1. For residue 196, state whether it is surrounded by 14 or more Cβ atoms within 10 Å (Cβ to Cβ) and not basic (Lys, Arg).
2. Go through (1) β-branched (Val, Ile, Thr); (2) in a loop (DSSP other than H, G, I, E, B); (3) at pLDDT 90 or above and name the single condition residue 134 misses.
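The values are calculated or read from the model by the stated rules, or taken from the named source; none is laboratory data. As the structure is a prediction and not an experimental result, all values here were calculated from the model. Here the Cβ positions follow ideal geometry from the backbone for every residue, glycine too, while neighbour counts run over all protein chains shown.
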Amino acid sequence: MFRLSVLVLNLLLVSHEFSAGTAKIEIQPLPALCNGYCFSTLKPVMEYVAIHQDKWNTCTEILANETRKDQIQLNVQLDALKADVSNIKASQLSKDEKLDRMEQEQFAIHESLETINRYLTVNLDRTKLQLEAIKNTMDYKKAQMDGYFSAIIGIQCVQPGFEKIGDRYFYIEEDVELNWLDAQAKCRRMGGHLASIKTKQEFDAIVEKLDDSKSYFLGVNENTKTGEFVSAASGKSGLYHEWGPGEPHHNND
């Protein structure tokens, strides 16, 4: 386009010179005549260029503006892309930091759980020992209480007239004389049975309570075999007996 403008300018200069020298055309040399011919020939082209020059300039400006707009838009998009990349990097860094923090927290929780587990294990073992000691104490106390209750129940169940001789209670009838069968029945009504002596110590302790002028029945018999005395209450043998003169006799009186 610049070359075309130079050409047009040269043509205009030639045209101007040609116009100025029209009065002396008959004396101008051949080159001048050629210039006039060229001008007349190129005039339509020059007029076309002059008419469309503004349009071409406008198109050039429009293209330049569009190019600048596109460049600006590209720059904006590039800046936005850079911002997105920065945000992604920042987000990834934040995620990495969060992941590291989560791993640290998880490790701390694991350590806490291990500590709690060790503490509970130690306390559980200690508690087991304490419970075992408490159980032993309770068993001992229970045995004591059972002994106390047995003693209390034994005392509460003792009928009037019974007295403790050795480790058992005995009722010695001094006022009413009964035969062996009636004496056995009376003992049963009182919740007991005719006594059978277990040991010599028990025999000696009972004898001290008896009247030497009287005879007393024992809860033994030899029903199964003569000469073998057994308990009338349990049927067991192996009892202690020490007979006086003329004893034992086998009547019911």
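1. When the stated conditions are applied, residue 196 passes them.
2. It fails just one condition, (2).
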